[in-house]
1. May I ask you to say which residue of L171, L223 is in a strand (DSSP E or B), touching a residue at least 12 places away in the same chain (Cβ under 8 Å), closer than 30 Å to L115 by Cβ and touching a Gly at 6+ places or on another chain (Cβ under 7 Å)?
2. Tally the residues that are in contact (Cβ under 8 Å) with a residue 24 or more places away in the chain and either surrounded by fewer than 12 Cβ atoms within 10 Å (Cβ to Cβ) or over 22 Å from M93 (Cα atoms) (or both), restricting the search to the range 50-81.
3. For the range 105-129, give me the residue count where each residue is over 10 Å from the mean Cα position of the chain (by Cα), part of a loop (DSSP other than H, G, I, E, B) and closer than 29 Å to A206 by Cα.
4. Which residues, counting only those in the range 30-49, are open to solvent by 60 Å² or more (accessible area, probe 1.4 Å), farther than 14 Å from W81 by Cα and at pLDDT 90 or above?
5. I'm checking my understanding of the structure. Among residues of the range 88-104 that are outside any loop (DSSP other than H, G, I, E, B) and not hydrophobic (A, V, I, L, M, F, W, C), which one is most open to solvent (accessible area, probe 1.4 Å)?
6. Quick check: is even one residue across the range 140-154 loosely packed, with under 15 Cβ neighbours inside 10 Å, out of contact with any helix residue (DSSP H, G or I) (no Cβ under 7 Å at 6 or more places or on another chain) and of a type in the set (D, E, K, R)?
7. For the range 189-205, which residues satisfy the criterion of being in contact (Cβ under 8 Å) with a residue 60 or more places away in the chain and open to solvent by less than 30 Å² (accessible area, probe 1.4 Å)?
8. Does G136 fit the bill of being open to solvent by 70 Å² or more (accessible area, probe 1.4 Å), of a type in the set (G, A, S), out of contact with any His (no Cβ under 8 Å at 6 or more places or on another chain) and more than 26 Å from L232 (Cβ to Cβ)?
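The values are calculated or read from the model by the stated rules, or taken from the named source; none is laboratory data. Computed from a predicted model, the values in this text were never measured in an experiment. With ideal geometry, Cβ positions are generated from the backbone for all residues, glycine too; neighbour counts draw on all protein chains shown. We work out accessible area using only protein heavy atoms, side chains counted, and drop any ligands, DNA or RNA first. Shrake-Rupley method; radii C 1.70, N 1.55, O 1.52, S 1.80 Å.
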Amino acid sequence: MTDTPNLSLPMLAPAQAQKHVTVNEALGRLDGLTQLVLASVSEVTPPASAPEGTCYGVPVGAVNDWAGQAGTVAIALGGGWVFAPARRGWRAMVLDAGEPAMFDGAGWRMGALTLSPGGAALAMRAVEMEVALTPGASVTTPIAFPARAIAFGVTGRVVAEIAGTATSWTLGVAGDLARYGSGLGLAQNSWVNGPGAPQVYWAPAALEITATGGEFTGGTLRLVAHFAELSLPDPV
């Protein structure tokens, strides 16, 4: 055996010269994999430079120095990359997604809390979006809740003051325009914290932002949709 079975740490060989090289690489891998934080699990091209110890989950289709390393954790060490095979059940925080993830043996499941022997999972998600308000009485966001999502609510802040003749705004979905908030403020850092009874969206659902007492001419919101997803067992 040349590597440890779980973390793939390199082991010393009998009478090995320059033992410090192997020990230092093992410590570097251990430093990266313990309390695992991944910069991304979707980037397919290695960054031109990365701070020492930065980790990435290598996806299918990765190129250059990551080619052929799908399913591994790439760790920036010594000006290059070392790779440790991820194992089913590993958990990590994924920084560019802002969510935890679990490795299912093939890829990283965002937000997964459970993973059945057959591959079914329960995931808790918090998906963030920046929404620029265009002139008019209402703005429809990109899809916030995917089909079959179990929605718990929406939170957010005004990151650039809302301009126009509106005196406040509401946040909801088609058919329930104030479901997640009404009488909301216009000033920078005004906030919305809109929990609600769990709601299943059987089709993809966008958020509707509606001006009260006038119209929007500008402003920016940062909104976060909070929901759960159920996934099927793997195909047989």
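1. L223
2. 3
3. The total comes to 6.
4. The answer is V37, S42, E43.
5. Ranking the qualifying residues of the range 88-104, first place goes to R91.
6. no
7. Of everything in the range 189-205, just one residue is in contact (Cβ under 8 Å) with a residue 60 or more places away in the chain and open to solvent by less than 30 Å² (accessible area, probe 1.4 Å), namely A205.
8. No; evaluated as a whole, the condition is false for this residue.
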